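Working notes, beginning with the structure itself.
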Amino acid sequence: MDEIETKPSLQTEPAELQSQFDALRHFVLSVIILVIVLSGALNIYFWYQFKATGRELEAVRPLVQNLKNGYAHGDGPAIERFVRDSMEYGKTHPEFTPYLDKYGLRPPPGAAPLAPAIAPSPAPAQPAPKK
């Protein structure tokens, strides 16, 4: 078999090793400074975006509050009543079910039936008049 010749590795001078170590240390220090500068710039940019978005939000907040109040006090209950009545109608009229499926208004199978929003109060029992 062929024998592998092992050559002794050349020993580098300590001065050369020291210069390589100094170059590596300088490179690592440069990278750390670069990362700090970039992260600082990115943080400043994010802070600016945060402030700008907050100003935009303050400008839109009254409009959103009006929409929210309008929905809660007027349109919301009417829309919910319409959806509930449509689902009840779909239970008794199978030809209406494609529309319910299209808009995702079908209750899942086995779901409890929807309770009406305002349950009518039962009338007091009155005795039948005698003839």
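Before moving on, here are some points about what is shown:
- The slack in the chain from Ile36 to Gln18, taken as 0.36 nm per residue of separation less the alpha-carbon distance, amounts to 3.8 nm.
- Restricting the range 14-78 to trypsin sites (Lys or Arg not before Pro) in coil, as DSSP defines it, with at most 16 other Cβ within 10 Å: none
- Using the Cβ-Cβ distance between Arg61 and Arg84 with R0 set to 30 Å, the FRET efficiency works out to roughly 0.45.
- Measuring r between the beta carbons of Phe96 and Thr53 and using R0 = 41 Å, the FRET efficiency lands at 0.40.
Values in this text are rule-based calculations from the coordinates and carry no lab data. On a predicted model such as this, the values are computed, not experimentally measured, just so you know. When we count neighbours, we look across all protein chains shown, and the Cβ atoms used for this are built from the backbone with ideal geometry, even at glycine.
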